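Enquirer: One structure is given below, represented as C-alpha cells, and several questions about it will come after.
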Amino acid sequence: MAESTETLNLKEFQLHEKDTGSADVQVALLTRRIEHLTEHLKTNRKDHSSRRGLLKMVAQRRSLLDYLSKTEGDRYKKLIDKLNLRK
C-alpha cells in the first residue's frame, strides 16, 4: 500500500515513530486544514459556518504555538520555519 503525501509530511514533525499528539504534529495538521479551508472560502464567500470553524482552528493553532514557545523555544522556531508561518 502506497503512503499518501499527508503521511510523509507528517513524519517530519513527529518526535518519534508513533507520535500523533505532540504539539508539533497538531500544529502541522491544523495548518494543513486551515490552508484547505482558506481555499474553500475563497470560492464560497458566504459560507459563514466554515469561516467560524476556520477561526476556531486558527485560535487552537495559536494556543498550541504559544505553549510551544513558552516550553520548547527551539522546537517552536524549527516548526515555524518548516511551516513558513512567520516572516
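Enquirer: What residue, of Leu41, Leu54, Leu15, is at pLDDT below 95, surrounded by 10 or more Cβ atoms within 10 Å (Cβ to Cβ) and in contact with a Ser or Thr (Cβ under 8 Å, 6 or more places away or on another chain)?
Expert: Unique residue meeting the criteria: Leu15.
Enquirer: Another question, if that's okay. Residues in region 74-87 that are over 17 Å from Gly21 (Cα atoms), touching a residue at least 24 places away in the same chain (Cβ under 8 Å) and surrounded by 15 or more Cβ atoms within 10 Å (Cβ to Cβ): how many?
Expert: Total meeting the criteria: 2.
Enquirer: Could you tell me which residue of region 64-73 is nearest to the chain's Cα centre (by Cα), considering only residues that are at pLDDT 95 or above, exposed (fewer than 13 other Cβ atoms within 10 Å of the Cβ) and under 21 Å from Glu12 (Cα atoms)?
Expert: Asp66
The values are calculated or read from the model by the stated rules, or taken from the named source; none is laboratory data. A quick note: this is a predicted structure, and the numbers were derived from the prediction, not measured. A quick note on method: Cβ atoms are made from the backbone with ideal geometry, for glycine too, and the neighbour counts reach across all protein chains shown.
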